[in-house]
Amino acid sequence: MSILEDLQWRGLVADCTDLPALAKRLNEGPITLYCGFDPTGDSLHVGHLVPQLLLRRFQQAGHHPISLAGGATGMIGDPGGKSAERNLLTREQLNHNVGRIKVQLERLLDFNSSTNPARLVDNADWTAPVSFLDFLRDVGKHFSLSSMLAKDSVRSRLESESGISYTEFSYQLLQANDFHHLRSTLQCELQIGGTEQWGNITAGTDLIRKKLGATAWGLTFPLITKSDGTKFGKTESGAVWLDPKKTSPYRFYQFFVNTEDSMVIGYLKKFTLLPRAEIESLESRHLANPGAREAHRALAREVTTLVHGDQACQDAVRASELMFGGGLEGISEELFRDVVGEVPTKSLARERLDGAGFSLTEALVHAGLAPSKGQARKDVEGGGIYVNNVKAADVARMLTPIDLLFGSYVLLRKGKRTYTVLSVA
């Protein structure tokens, strides 16, 4: 299967400037391609994984990928997909963001390959030295106002209440110049991006044709959404980030393991490097028994390993198992706090554990897991109560300092999934 056939099977081809010609060129030998990532924040989010993985897919097929960190374009802000003007960042903020994002870009590509190493570039390197007048003469003169106004990203903003500034209106020229520069200096023939990038990408192919008389292609992938049409990677608490300090590997894993049943196979195609045969096998088992959630776990494992590494994924799996009664051996305090942050917490004065201790039945009432001590006793006798995920069979059980996890917590569970944490201070 060719790289394009694989991308089409995965649902990763939306538009192409000339798909038959691009297919012919790819059959002739390796091609250099690029995708840009603007450092509007200090971390990329899961929505950026699709283009990063597209670059990796091309690299695995023998092609030469370039990741572009937009140190220059990030100062402007792309109007594509936005309903209002971005807040402009300072040079210091951009430099900080570029440094952080470069680390994330380097995780998914092989920059040390002996045959086709990936490259990382920053468009500030060739844009910053150019004067405004030179840019107008060398780039601006090749674009008509009518063609720039016709771009979807511009037209939609013109029709909005906020409109569009000259700053963001000029963004397409900067991105076009990036493609032209990479075509001239690194023989880059293909740019990839989301559908909202189509106007910017075709501006680049036009500029290359006009200035160099050379061929270049643009390829876009569909916007990835959830089943309700909302933007992928957004939750009630915000974006799901690739930076483990902003979204922990455990929460990252949970985001994918909780994928809707109707979307999980599509996400396996788009967000993993699993081969077609393995995904189709998972699809068959998922359709036969969706409740087993085998496809969900495979998705979460693959993506978490790609982004955070094997050890972080193993830790996330163990943490996830904790919420299903798994043992606490070897769990770090940081991971424990991350997990139990998702369940109710009740404060408990430390002195309540002194002496003979605090009775388990009282603790269950205090935690809200039982309405009365009588019911708490029945729950214990019925075998449905666990302390730190160990079944408590004695109604006379007392909680003492020896029960404290990391010196501060007691994990109480009723039944299979009803938890409360006693936070002792």
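The values are calculated or read from the model by the stated rules, or taken from the named source; none is laboratory data. For clarity, every value in this text was computed on a predicted model and none was experimentally measured. All Cβ positions, glycine included, derive from the backbone under ideal geometry; neighbour counts span all protein chains shown.
Among what's in the range 23-49 and is acidic (Asp, Glu) and in contact (Cβ under 8 Å) with a residue 40 or more places away in the chain, pick the residue that is surrounded by the fewest Cβ atoms within 10 Å (Cβ to Cβ). The extreme case among them is ASP42. Scanning the range 358-393 for residues that are of a type outside the set (Gly, Ala, Ser), touching a residue at least 24 places away in the same chain (Cβ under 8 Å) and within 21 Å of LYS416 (Cβ to Cβ) yields LEU360, THR361, LEU364, LEU369, ASP379, ILE385, TYR386, VAL387, ASN388, ASN389.
For every residue, the table says whether it meets (1) over 27 Å from ILE265 (Cα atoms); (2) out of contact with any strand residue (DSSP E or B) (no Cβ under 8 Å at 6 or more places or on another chain); (3) not assigned by TED's automatic domain parsing to the domain that holds GLU189.
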residue: GLN8; (1), (2), (3): no, yes, no
residue: ALA14; (1), (2), (3): no, no, no
residue: THR32; (1), (2), (3): yes, no, no
residue: PRO39; (1), (2), (3): yes, no, no
residue: LEU44; (1), (2), (3): no, no, no
residue: LEU68; (1), (2), (3): yes, no, no
residue: LEU89; (1), (2), (3): yes, yes, no
residue: GLU92; (1), (2), (3): yes, yes, no
residue: VAL98; (1), (2), (3): yes, no, no
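Residues in the range 171-200 that are part of a helix (DSSP H, G or I), within 24 Å of ARG10 (Cβ to Cβ) and touching a Leu at 6+ places or on another chain (Cβ under 8 Å): THR195, GLU196. Restricting attention to the range 123-157, the residues that are touching a Leu at 6+ places or on another chain (Cβ under 8 Å) and assigned to a loop (DSSP other than H, G, I, E, B) add up to 3. If the condition is being loosely packed, with under 14 Cβ neighbours inside 10 Å, touching a residue at least 24 places away in the same chain (Cβ under 8 Å) and among the acidic types (Asp, Glu), then the range 229-287 contributes only GLU260. Considering only the range 138-148, state which residues are over 14 Å from THR202 (Cβ atoms) and surrounded by 11 or more Cβ atoms within 10 Å (Cβ to Cβ). Residues satisfying the conditions are ASP138, VAL139, GLY140. Within the range 113-149, the set of residues being among the aliphatic types (A, V, I, L, M) and under 30 Å from ARG57 (Cβ atoms) comprises ALA118, LEU120, VAL121, ALA124. The residue list ASP315, ASP310 contains one member that is within 22 Å of ASN258 (Cβ to Cβ) and buried (at least 18 other Cβ atoms within 10 Å of the Cβ), which is ASP315. Residues in the range 328-381 that are acidic (Asp, Glu), closer than 16 Å to LEU399 by Cα and surrounded by 12 or more Cβ atoms within 10 Å (Cβ to Cβ): 1 in all.
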